[in-house]
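To keep things clear, I will list the structure first and then write my remarks on it.
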Amino acid sequence: MLGAGLAVKHLHLPALKALPNCFQIVSICDHNRANAEALAGLLDVHPTITDSWVDFFADSSIDAVLISLPIQRNAEAIQAAVVAGKHVICEKPLAANLPQAEALVAACKHAPVKILIAENFHYRDDLKQARAWMDAGAIGAVVLIDVRATFWSDPTQGFGATPWRHDHQYRGAVLADAGVHQAALLREIGGPIESAHAFIKDVHPVLRGPDTMVLNLRFASGVLGSLCFSGAVKTEQPSFDWTVVHGTSGSITIRGDQTTLYRADGTIEHYQARDLRGYESEFRNFYAAIVDDEPIVATLASALADWRLIMRAIDAAESNSVQQIDPIVPLASLNDIQN
């Protein structure tokens, strides 16, 4: 484990504990040894504790690395892991900005290790069910995908209180950090995205930078889409997430753990999500990729596409223009990565 913060404790560790026959935690590295020691105290094993990246990546007992660092360190850490010959599962997003992300993906194209970017939305079974209904023609021709996601980033506790989110050294602040989940959702349901236009605002009184956005987009299929997002508003719940897919003969709604198909003939079908969070599925996929060479779901390429949508949306808002969501741009090597 490289990084011993909140994501590891509250998201990744429970998933790893549910898979005791897949992974053994042998080392924890954090710049604050107290954080690493506190995390080790939650385990039934006794991992090595270090605050040195050099010692950590030189440890031959480590087969794979879970990277959970401030966003601006991700590309650097992935690079170090690849050079050290370690398989990688890294928290989203993959880099601090789009050029850095493109360089990283190009550099790792032929890496001899497995790399998974932990975007849990790509593992949500409710989104896969919605897509299956769409592909089966259950709502006719898809016309519009409408996504709403609003919440309050509490700067005094939890993820919103982490220092690197207050002094963000990556592009996009709250909008990028949390909004990349919605980018994954849009792409998971609607597929590749052709173009986008957006308006953004900086609303939060403490966490500076863009945090609110209205995004309009056109998918490569011709379907239209929209995203209304804010990490700076207080809703009737801790968060409000709502997705509707409109078709010519029905619609699909996703709210909480319920996904519902409404057909034009008045019949309704419900789907109860089994793995709404997706964290355990991420690690199952990572293990199967390493041991059985199974395909990775949340690849570097998919992470780049998610990140590109958010970065291009910010470009669109700043330039008041429609932005094309470009294909991956091949770049030279790991030396192109700017830390």
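Rule-based calculations on the coordinates, nothing more; no lab input. All of these numbers come straight from a predicted model, not from anything done at the bench. Ideal geometry is used to build each Cβ from the backbone, glycine not excepted, and the neighbour counts take in all protein chains shown.
Determine one quarter of the surface area of the Cα convex hull of the chain, which equals its mean projected area, and express it in nm² to one decimal.
Values: hull surface 69.2 nm².
It is 17.3 nm².
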Derived scalar couplings ³J(HN,Hα) [the range 219-233; Karplus, 6.51 cos²θ - 1.76 cosθ + 1.60; whole Hz; x for Gly, Pro]: 6, 4, 6, x, 5, 9, x, 8, 9, 10, 10, 7, x, 9, 10
Can you give the three extents of the C-alpha atoms in the range 1-128 along their principal axes, from longest to shortest, in whole Å? 39, 38, 24
In whole Hz, what ³J(HN,Hα) sequence does the range 167-174 give by Karplus (6.51, -1.76, 1.60; θ = phi - 60°), x for Gly and Pro? 10, 6, 9, 9, 6, x, 6, 4
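One quarter of the convex hull surface, Cα atoms only: what value does that give for the range 223-314 in nm²? Walk me through the numbers before you get to the answer.
Values: hull surface 36.2 nm².
If you wrap the Cα atoms of the range 223-314 in a convex hull and average its projections, you get 9.0 nm².
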Pairs to check: LYS9/LYS128; LYS114/LYS234; LYS86/LYS234; LYS86/LYS201; LYS114/LYS201. Give those whose C-alpha atoms are more than 32 Å from each other in this structure. LYS114/LYS234; LYS86/LYS234; LYS86/LYS201; LYS114/LYS201
What distance in nm separates the two pseudo spin-label positions at HIS166 and VAL233, each 7 Å out from Cα along the beta-carbon direction? 2.7
Mind listing the long-range amide H neighbours of ASP275? Cut-off is under 5 Å, sequence gap 5 or more, other chains count too, H placed in the peptide plane at 1.01 Å from N. ASP125, ASP126
Describe numerically, in nm with one decimal, the distance between label points set 7 Å from Cα along Cα→Cβ at VAL54 and at LEU224. 5.9
Over all directions, average the projected area of the Cα convex hull of the range 163-209 and note it in nm². 4.0
Separation between the ALA38 and LYS109 pseudo-spin-labels, each 7 Å from Cα along Cα→Cβ, expressed in nm? 4.3
Relative contact order (%) - criterion: Cα under 8 Å, at least six apart; region: the range 189-302: 12
Could you state the number of Å between the C-alpha centres of the range 171-211 and the range 7-57? 31
Based solely on its DSSP helices, what 222 nm [θ] is calculated for the chain when runs of n ≥ 4 H residues each add -39,500 (n - 2.57) and the sum is averaged over all residues, nearest 500 deg cm²/dmol? -9500 deg cm²/dmol
Got a sec? Charge dipole of the range 185-282, +1 on Cβ for Lys and Arg, -1 for Asp and Glu; which of VAL206, GLY247, PHE229 is way out at the positive end? VAL206
From phi via Karplus (6.51, -1.76, 1.60), per-residue ³J(HN,Hα) for the range 263-280 in Hz, x at Gly/Pro: 8, 5, 7, x, 7, 10, 10, 10, 10, 8, 4, 9, 9, 5, 7, x, 5, 5
Ranked highest first by average number of other Cβ atoms within 10 Å, how do 71-78, 6-13, 40-47 line up? 71-78, 6-13, 40-47
For the range 124-274, which semi-axes, largest first and in whole Å, follow from the square roots of 5 times the eigenvalues of its Cα gyration tensor? 31, 17, 12
Which one of ALA34, VAL105, ALA161 has its Cα pushed farthest toward the positive end of the charge dipole of the chain, where Lys and Arg give +1 and Asp and Glu give -1 at the Cβ? ALA161
Jot down the radius of gyration and Dmax of the range 1-41, Cα atoms only, both in angstrom. 10.0, 29
